[in-house]
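S.K.: Here's a structure for you.
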Amino acid sequence: MNVLFIGGTGIISSACTQLAAERGYKLYLLNRGQSARAVPAGVTLLRGDVRDPASLTAALGDLTFDAVVNWVAFTPEHIEADLAAFRGRTRQYVFISSASAYQKPVSLLPITESTPLHNPFWRYSRDKIACEERLMRAYREDGFPVTIVRPSHTYDQTLLPMDGGYTVVARMRAGRRVIVHGDGTSLWVLTHHRDFAVGFVGLLGNPHALGETFHITGQELQSWNAIFAEVARAAGTTADMVHLPSDMIAAFDPEWGAGLLGDKAHSVIFDNTKIRRVVPDFNPVIPFARGADEIMAWHDADPARQVIDAALDTRMGALLAAYDRMMS
């Protein structure tokens, strides 16, 4: 198959690029060539800017594809541009949505692909919902060959799962308190990008995927308390956790709060029956304990990767001080 990834070197997409290359797909990556990640052997890099129609047209030439995946489409404007660019050029267009688009708070667990889409807390999720709606209208009205994929907190060795990233680990290692939203007992699912790739690549060129929506997630359920403790273990330390209400965090830091109230503060349990039926070899097997070890090994291999956000660290300290005053 001829497959085009728009992007293809990110946290989620890099594992899909690797697996597609290993399976012998004729894979093209369209990006601006600015990623530090290496492109696997046999993959063709097309230099172009998907946000610039002239640049995109020049990069693609007369190429046609069995599947096009846009890893970096976030707004309805991006979708309109892709509809114009890829009608008649591909047999399948895959949109990367987000499991955060599902109803918040969720009224019924487990989450399936038919769970309503509604997120009043997070603009990112509402934009993804609008993109999905436009694409499904194009499918119904014009036969545009769309497949929608909703990942949920997919990570690789570069991505720590908590807001603040290495800033939180640095606080742990220094014996300082770290903030956990709520009481830390809400359930969460973390998906290793190599596990995700098996389900995702199996959808490419799959006739059963056209006009359909799939989430692709791990099956391991953990509380946020357990996630923080696992990261601390891998970092060779312990976590002095302080539990703060998500509403309080949102009032102090609206951007951080939007991702909590619109996603992480809610327990999630996903039913992966649909992706397993269409891609039978999908079977997530990498536990977060192993993932946490990979993450900390990557960060510890190069001090330059141990980035501390000083402004966020200060806000965390101020939040904790405010909490202490409330409790005194």
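The values are calculated or read from the model by the stated rules, or taken from the named source; none is laboratory data. This one's a predicted model, so the numbers in the text were calculated from it and none came from an experiment. Neighbour counts run over all protein chains shown; Cβ positions are idealised from the backbone, glycine included.
S.K.: In the stretch 26-44, which residue that is aliphatic (A, V, I, L, M) and at pLDDT 95 or above is farthest from Ala85 (Cα to Cα)?
M.R.: Once the filter is applied, the top-ranked residue is Val43.
S.K.: Right, something else. Any idea which residue in the stretch 42-56 is surrounded by the most Cβ atoms within 10 Å (Cβ to Cβ), counting only those that are in contact with a Lys or Arg (Cβ under 8 Å, 6 or more places away or on another chain) and assigned to a loop (DSSP other than H, G, I, E, B)?
M.R.: The extreme case among them is Gly48.
S.K.: Here are the criteria: (1) under 30 Å from Thr314 (Cβ atoms); (2) touching a residue at least 24 places away in the same chain (Cβ under 8 Å). Tell me which single one Ala174 does not satisfy.
M.R.: (2)
S.K.: Would you tally the residues in the stretch 122-178 being within 28 Å of Pro284 (Cα to Cα), assigned to a loop (DSSP other than H, G, I, E, B) and either touching a strand residue (DSSP E or B) at 6+ places or on another chain (Cβ under 7 Å) or of a type in the set (A, V, I, L, M) (or both)?
M.R.: 7
S.K.: Follow-up question, since we're still on this one. Among the listed residues Arg123, Arg51, Arg89, identify the single one that is of a type in the set (Lys, Arg) and either within 17 Å of Asn31 (Cα to Cα) or touching a His at 6+ places or on another chain (Cβ under 9 Å) (or both).
M.R.: Every option except Arg51 fails the conditions.
S.K.: Please specify each residue of the stretch 12-37 satisfying the condition of being outside any helix (DSSP H, G or I), within 22 Å of Ala73 (Cα to Cα) and not hydroxyl-bearing (Ser, Thr, Tyr).
M.R.: Answer for the stretch 12-37, where residues must be outside any helix (DSSP H, G or I), within 22 Å of Ala73 (Cα to Cα) and not hydroxyl-bearing (Ser, Thr, Tyr): Ile12, Leu27, Leu29, Leu30, Asn31, Arg32, Gly33, Gln34, Ala36, Arg37.
S.K.: Taking the criterion of being surrounded by 21 or more Cβ atoms within 10 Å (Cβ to Cβ), at pLDDT 95 or above and within 21 Å of Pro284 (Cα to Cα), would at least one residue in the stretch 219-226 satisfy it?
M.R.: Yes, the stretch 219-226 contains at least one residue that is surrounded by 21 or more Cβ atoms within 10 Å (Cβ to Cβ), at pLDDT 95 or above and within 21 Å of Pro284 (Cα to Cα).
Each row is one residue, and each column tells you yes or no for (1) β-branched (Val, Ile, Thr); (2) out of contact with any helix residue (DSSP H, G or I) (no Cβ under 6 Å at 6 or more places or on another chain); (3) surrounded by 14 or more Cβ atoms within 10 Å (Cβ to Cβ).
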| site | (1), (2), (3) |
| --- | --- |
| Val106 | yes, yes, yes |
| Thr115 | yes, yes, yes |
| Arg126 | no, yes, yes |
| Ile129 | yes, no, yes |
| Val149 | yes, yes, yes |
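S.K.: Give the stretch 101-142 a look and list any residue that's touching a Pro at 6+ places or on another chain (Cβ under 9 Å), of a type in the set (Lys, Arg) and over 20 Å from Trp71 (Cβ atoms), or say none.
M.R.: Of everything in the stretch 101-142, just one residue is touching a Pro at 6+ places or on another chain (Cβ under 9 Å), of a type in the set (Lys, Arg) and over 20 Å from Trp71 (Cβ atoms), namely Lys104.
S.K.: Further, regarding this structure: Could you tell me whether the stretch 30-41 includes any residue that is within 13 Å of Val201 (Cα to Cα) and surrounded by fewer than 20 Cβ atoms within 10 Å (Cβ to Cβ)?
M.R.: no
S.K.: Restricting attention to the stretch 116-125, does a residue exist that is over 21 Å from the mean Cα position of the chain (by Cα) and among the hydrophobic types (A, V, I, L, M, F, W, C)?
M.R.: no
S.K.: Sticking with this structure for a sec: Hey, does the stretch 220-242 have a residue that's assigned to a loop (DSSP other than H, G, I, E, B), touching a Ser or Thr at 6+ places or on another chain (Cβ under 7 Å), touching a residue at least 40 places away in the same chain (Cβ under 8 Å) and closer than 29 Å to Leu109 by Cα?
M.R.: No, the stretch 220-242 contains no residue that is assigned to a loop (DSSP other than H, G, I, E, B), touching a Ser or Thr at 6+ places or on another chain (Cβ under 7 Å), touching a residue at least 40 places away in the same chain (Cβ under 8 Å) and closer than 29 Å to Leu109 by Cα.
S.K.: Are any residues in the stretch 281-328 without any contact (Cβ under 8 Å) to a residue 40 or more places away in the chain and not in a helix (DSSP H, G or I), and if so, which ones?
M.R.: Matches in the stretch 281-328: Ala301, Asp302, Ser328.
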